[in-house]
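Heads up: the structure comes next, in structure tokens.
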Amino acid sequence: MSHTSTKRRANGEASEQKRPTGKLVGLDIGYGHTKIAMHDGTRHLFPSAVAAIPPSTVEQYGAPVADDEVVVEEIRCIVGHRAIAHPDRFDNLHSVWWILPQYRALLQQAAKVVPPQSVVVTGLPLQAYVASQARELVKNLVKSILKAKRVFVAPQGVGAYYYAYGQSDSLKENQKIAIVDIGTRTTECIAMAGRENLPTHSAGLELGVSDLYHTVARELSEKLERQVDPYEVEGVIRREREIRAQGRGYDPQAIDNRVSHLAAARAQDIRHRLVGLWGERAPEFELVVFCGGGAHLLFPFLKTYREGAVLLPEAQFANALGFLDIAAMMAPEELIHDAPETHDSGSPALPQGAEAVAG
Ligand SMILES: Nc1ncnc2c1ncn2[C@@H]1O[C@H](COP(=O)(O)OP(=O)(O)OP(=O)(O)O)[C@@H](O)[C@H]1O
Ligand SMILES: [Mg+2]
């Protein structure tokens with residue numbers, strides 16, 4: 001797997017020819033993080049955390065709405081970092097959360113950076129994707145809230161396939177690839193034969209990494225006598241924040257060790273399911289690819305599943321970047337004015353049904 005692929009040109013600087021409105025957009029709204037990749041190379045990532053601000057009398061006189069706030073059904077909502085550890089935070093670990101107000105809040109936050117009239121490709125977990133009602137609902141929501149020109153909904157891991165294909169010089173168009181996208185709540189195991197998804201060899205598992213962080217957060221809440229949010233634990237693992245109580249920071253190494261112990265056990269669960277789905281070493285597949293933010297945590301324990309298994313660069317953004325590639329294929333006319341590009345010759349065709357569901 002090459003980082004300097006000839007198939008993909010790096011997402012470079014914003015083009016001077018960029019149009020004021022309308023972009024190609026890959027949008028991956030995960031249970032843990034919302035990832036947005038745009039054709040001019042811009043990326044956005046924010047926690048898919050939403051908290052409601054209960055109405056108060058002040059609001060009746062028009063309280064200001066901050067940059068990280070949106071209004072859903074007349075209720076102000078905080079979206080992203082500030083919602084973490086907020087007492088009125090919505091729970092998003094729900095199987096049908098795209099019908100809930102918090103999903104709309106995330107889309108409204110995304111709408112602040114996605115220009116109207118964009119071509120948007122987004123995803124759903126495989127289990128939800130197979131239900132046409134879910135696809136339609138998400139497509140219509142995205143279309144109306146982002147004021148998109150066209151929307152296409154794909155299974156989440158399929159995005160990663162297009163990204164992996166663009167990254168590799170050695171992959172051929174018709175080869176079989178197995179993709180393991182380890183997310184917050186789900187692990188998507190996607191089998192592709194070229195652009196075709198093999199449904200009988202694909203599975204959406206409710207096995208992510210969030211409950212690891214939940215477990216550690218619960219343990220720390222007891223120990224530190226204050227409520228610790230799972231995102232705080234995750235922030236420590238990424239060395240982006242520290243957990244403080246009584247004026248002191250908690251030892252990050254102790255948190256690493258505990259998470260690592262739980263991660264090894266979770267990797268075993270996933271390996272077991274991979275063996276059930278694809279066999280002991282996935283012999284039918286040319287390549288086994290790991291992605292999703294959870295792969296950063298679990299790949300060290302899972303790479304022995306198959307010799308030559310790959311952890312995609314930018315694992316957490318793999319779906320969003322692949323969705324962007326699909327958008328570029330769906331709307332090549334946008335590329336003429338909106339360089340830089342993602343694919344040149346040799347890209348696989350659109351996923352099946354792309355035109356049928358593009359709105
Ligand atoms: N470098 C890293 N080290 C450790 N954990 C990481 C790293 N990068 C991301 N993660 C964690 O991996 C988890 C999964 O991230 P990801 O954004 O792929 O999930 P998601 O797409 O929101 O979830 P789902 O696919 O289940 O909807 C998150 O909890 C994230 O914080
Ligand atoms: Mg995901």
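Bear in mind these aren't lab numbers, they're just calculated from the coordinates by the rules spelled out. These figures come from a predicted structure and were not determined experimentally. Note: ideal-geometry Cβ built from the backbone for every residue, glycine included; neighbour counts use all protein chains shown.
Derived scalar couplings between HN and Hα for the stretch 152-160 equal 10, 10, 10, x, 3, x, 5, x, 4 Hz in order, rounded to whole Hz, by the Karplus curve 6.51 cos²θ - 1.76 cosθ + 1.60 (θ = phi - 60°), x for Gly and Pro. With just the Cα atoms defining each centre, how far is the stretch 259-289 from the stretch 294-323? Give it in Å. One Cα centre to the other: 12 Å. Modelled spin-label separation between residue 193 and residue 223, with each label point placed 7 Å from Cα along the Cα-to-Cβ direction: 5.0 nm. Taking the centroid of alpha carbons for each part, the stretch 114-137 and the stretch 173-204 are 17 Å apart. Note on residue 238 and residue 127: their simple-model spin labels are 2.4 nm apart, each label 7 Å out from Cα toward Cβ.
Please work out how much length the chain gains when fully extended from residue 280 to residue 65, using 0.36 nm per residue of separation minus the C-alpha to C-alpha distance, in nm with one decimal.
Extra length available between residue 280 and residue 65 comes to 72.0 nm.
If the segment from residue 136 to residue 258 were pulled out straight at 0.36 nm per residue, it would be longer than the present Cα-Cα gap by 39.8 nm. Each of 333, 206 was scored by other Cβ atoms within 10 Å of its Cβ. Listed from fewest to most, they are 333, 206.
Be a star and scan the stretch 115-143 for residues whose amide nitrogen sits under 14 Å from the point 7 Å along the Cα-to-Cβ vector of residue 333. 118-119, by backbone N distance to the label point. Ordering 169-176, 233-240, 47-54 by mean Cβ neighbour count within 10 Å, with the highest value first, yields 47-54, 233-240, 169-176. Taking amide H positions as modeled 1.01 Å from N, with prolines and chain starts lacking one, the residues under 5 Å from residue 311 and 5 or more places away or on another chain are 290.
When ranked by the protection proxy of mean other Cβ atoms within 10 Å per residue, highest first, what sequence do the peptides 157-164, 186-193, 262-269 form?
For the peptides 157-164, 186-193, 262-269, the packing ranking is 157-164, 186-193, 262-269.
The calculated FRET efficiency for residue 268 paired with residue 147, based on their beta-carbon distance and R0 = 45 Å, is about 0.50. Taking each of 35/172; 149/172; 112/149; 149/176 in turn, the alpha-carbon distance tops 21 angstrom for 35/172; 149/172; 149/176.
Multiplying the residue separation of residue 174 and residue 44 by 0.36 nm and removing their Cα-Cα distance gives an extension gain of 43.6 nm.
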